[in-house]
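> Here it is, the structure, as structure tokens.
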Amino acid sequence: MAEKRMFSMKIIDSDAFLDMPLSTQALYFHLSMRADDDGFLNNAKKIMRNISATQNDYDLLLMKRFIIQFPDGICVIKHWRINNYLRKDRYSETLYSEEFSMLDVKENGSYCLKEESGVPDCNHNDTTTKPVINHGIPLGDAEKNRVEKNREEKNSNTVSNDTVRSTDVQRVTDAWNSLPGLSRLTKLVSGSQRYDWLKVRIRDYGIDEVLRAIENIRYSPFLLGQSKGGWTVTFDWFVRPNNFPKVLDGNYLEDKSESPEPKDQKSHDNGGEIWQ
């Protein structure tokens, strides 16, 4: 395995990266330095302990799509092939062949998941993605193997009017779980009330706006339970049709502390257990 790693300014100088806390940025660098030659690693928690990073830092990298996590705990650096050029004679194939087979690579070099639960994460009819062939990344062919241009990804939020992408649901879960001081969201079950509410929010507003609304919670002391009353927002309250637009519009940010009306929260939420 190569001992040196590189980082592309296109990634680490982007607003998406620089807007993250310094502790989260540092975790990204440490994960990247310890990844294998295909960008995979299996010891993220150990690295987090060594550098005193928190779970929130890791969850934020997931939410911002700088890393991709697999169900068995293995993760991969999403922009690994944009960051790194390796000569064939220095390349060692990853041990995580099963996870590797679950990826496609876009023309710009970033990884994306092929499928989750039968719903494609990437459009396989689109020429912007191609299957990953594990032959390393030769230095001389690097420019030929990628198109050096920024292509805005299409915001395909729904597969149909009744189905949302499982990857979008996971992004919402990761974003919610990155918020400090709130109960973690363990799962969203298709057919449950909270899932149906979320499905409508994604269909009507788009996944980017849903994620932006969740990010607004991060900067709202009131919603995080830091006000005098101590009430904290719950996921079921957040996705309701009368509450979501207020959060998205920033009504509960520090200078707009309009009080919500969580009067029926107890009968509908109970920590989310009823809807699970």
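The values are calculated or read from the model by the stated rules, or taken from the named source; none is laboratory data. This is a predicted model, so every value here is computed, not measured. Note that we place each Cβ from the backbone using ideal geometry, even for glycine, and neighbour counts take in every protein chain shown. We work out accessible area using only protein heavy atoms, side chains counted, and drop any ligands, DNA or RNA first. Shrake-Rupley method; radii C 1.70, N 1.55, O 1.52, S 1.80 Å.
> Which net charge results for the neighbourhood of LEU27, defined as the other residues with beta-carbon distances under 13 angstrom from its beta-carbon, given Lys and Arg at +1 and Asp and Glu at -1? Provide the component values of the computation, followed by the final result.
Working: positive: ARG34, LYS45, LYS46, ARG49, LYS64; negative: ASP57, ASP59.
Its environment carries a net charge of +3.
> Something else now. With a cut-off of at most 15 other beta carbons within 10 Å, and DSSP calling the residue loop, which GluC sites (Glu not before Pro) in the stretch 20-114 qualify? Please list them. All intermediate terms of the calculation are to be shown ahead of the outcome.
Values: sites: GLU93, GLU98, GLU99, GLU107; in loops: GLU93, GLU107.
Taking the stretch 20-114 and a limit of 15 other Cβ atoms within 10 Å, the loop GluC sites (Glu not before Pro) found are GLU93.
> Still on this model: Report the rotationally averaged projected area of the stretch 1-82 based on its alpha-carbon convex hull, in square nanometres. Display every interim value, and only then the final one.
Details: hull surface 20.4 nm².
One quarter of the hull surface, i.e. the mean projection, equals 5.1 nm².
> Can you tell me the order of 24-31, 219-226 when each peptide is scored by its average per-residue count of other Cβ atoms within 10 angstrom, highest first?
Working: 24-31: 19.5, 219-226: 16.8.
Per-residue mean Cβ counts within 10 Å order the peptides as 24-31, 219-226.
> Here's a follow-up. Around ASP59, what is the net charge, scoring Lys/Arg as +1 and Asp/Glu as -1 over all other residues with Cβ under 14 Å from its Cβ? Mind dumping the intermediate values first?
Details: positive: LYS45, LYS64, ARG65, ARG171, ARG184, ARG218; negative: ASP57, ASP174, GLU215.
Surrounding charge for ASP59 is +3.
> What number comes out for accessible area per residue over the stretch 1-100 if the probe is 1.4 Å? Units Å², please. Write down the numbers at each step before the final one.
On the way: 5060 Å² over 100 residues.
Heavy-atom SASA per residue in the stretch 1-100 reads 51 Å².
> Which order do you get for ASP19, ASP104 if you rank them by accessible area with a 1.4 Å probe, largest at the top?
Numbers: ASP19 110, ASP104 5 Å².
Correct descending sequence by accessible area is ASP19, ASP104.
> For labels at ARG184 and ALA26 in the simple 7 Å Cα→Cβ model, what's the distance in nm?
A separation of 2.3 nm, rounded to one decimal place.
> Under a plain spin-label model, where a point goes 7 Å from the Cα along Cα-to-Cβ, how far apart in nm are ASP13 and ARG203?
Result for the modelled spin labels: 4.3 nm.
> Between GLN226 and ASN242, with labels modelled 7 Å along Cα→Cβ, what's the label distance in nm to one decimal, could you check?
2.8 nm
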